[in-house]
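Presented below is the structure to which this report refers.
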Amino acid sequence: MMRRKIVAGNWKMNKTPSEAVELINTLKPLVANDDVDVVFCVPAIDITVAVEAAKGSNIAIGAENMYYEESGAYTGEIAPAMLVDAGVKYVIIGHSERREYFAETDETVNKKVLKAIEHGIVPIICCGETLTQREQGVTIDFVRQQIKIALQGVTADQAKEVVIAYEPIWAIGTGVVATTEQAQEVCVAIRACIAEVYDEATAEAIRIQYGGSVSAASAPELFAQADIDGGLVGGASLKPDFGAIVNYNK
Ligand code: PGA
């Protein structure tokens, strides 16, 4: 089966609403590629203007986070229905920065994944090991645990639609990209884990991205790997380079 590639930008805490419009207008012509799903995950306050600016293009807008309750007394949080109403199609869940700085756990990740699916938003579920874990040889065990907990209660049909982003923490924002072998090895292990939890058909359908210092130079080789179905891109998603990353196959 041919999985369609998906390349998502993660803007993190960058770009005001007016800067967001400017960046989308700059990138719009550069990210056209019929072979790839293109997503811009933007700060919550940029979502409305980003959806408007992206109209008529191949860019889908995503959020960087979401809460797992429907509504109510959760000061500062964003509900799934708010994202849907604003035109959001994807949401990053459990990015390592949220796990590190905002106390997200595998359990809150699981609750958010279930909520996103319930509302028809595609979760981009992040996983990945620290440098210490890699050096200790526990990368695959750790990532398998993250994935199993994240997907608890998700049916096989629902799992087929989710996106997983494998992002080794030591490669994020460091300029140290994982080697293609390292990235492919863990993506294979994630797919094997999905096959164990569900079945082969689900494992074959699910899209697994690599993230961590993806650049225009590294994207073609990474995305050519059999089990790497695209990328989650931080720093380079804010630059014209993102166009070259999306067009890795041209
Ligand atoms: P980076 O970030 O591309 O700047 O390393 C990736 C991410 O955190 O998703």
- [ ] Name the helices (runs of 4 or more DSSP H) wholly inside the range 1-105 in which the number of residues that are over 22 Å from GLU118 (Cβ atoms) and more than 20 Å from the chain's Cα centre (by Cα) is 1 or more.
- [x] 17-27, 47-54
Task: Residue tally, condition away from the ligand (no atom under 16 Å from the Cβ) and basic (Lys, Arg), over the range 79-130 - done: 4
TODO: Confirm whether GLN182 is within 18 Å of CYS126 (Cβ to Cβ), more than 12 Å from the ligand (Cβ to nearest atom), polar (S, T, N, Q) and surrounded by fewer than 20 Cβ atoms within 10 Å (Cβ to Cβ).
DONE: yes
Task: Failed criterion for ALA165 (all others in (1) away from the ligand (no atom under 16 Å from the Cβ); (2) of a type in the set (Gly, Ala, Ser); (3) surrounded by 14 or more Cβ atoms within 10 Å (Cβ to Cβ) hold) - done: (1)
Task: Every residue from the range 24-53 that is open to solvent by 20 Å² or more (accessible area, probe 1.4 Å) and within 16 Å of the ligand (Cβ to nearest atom) - done: PRO43
TODO: Pairs only if they're at least six apart or on different chains, beta carbon under 8 angstrom, first in the range 10-23 and touching a residue at least 40 places away in the same chain (Cβ under 8 Å), second assigned to a loop (DSSP other than H, G, I, E, B) and open to solvent by 70 Å² or more (accessible area, probe 1.4 Å); list them, first residue then second.
DONE: LEU23/LYS15
Open item on the list: Every residue in the range 210-250 that is within 12 Å of the ligand (Cβ to nearest atom), in a helix (DSSP H, G or I), over 15 Å from the mean Cα position of the chain (by Cα) and more than 18 Å from ASN58 (Cβ to Cβ), please.
Closed with: LEU222, LEU238
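The values are calculated or read from the model by the stated rules, or taken from the named source; none is laboratory data. Note that the coordinates shown come from a computational prediction; the quantities given were computed from them, not determined experimentally. A quick note on method: Cβ atoms are made from the backbone with ideal geometry, for glycine too, and the neighbour counts reach across all protein chains shown. These accessible areas exclude ligands, DNA and RNA; they are computed on the full protein's heavy atoms, side chains included. Shrake-Rupley method; radii C 1.70, N 1.55, O 1.52, S 1.80 Å.
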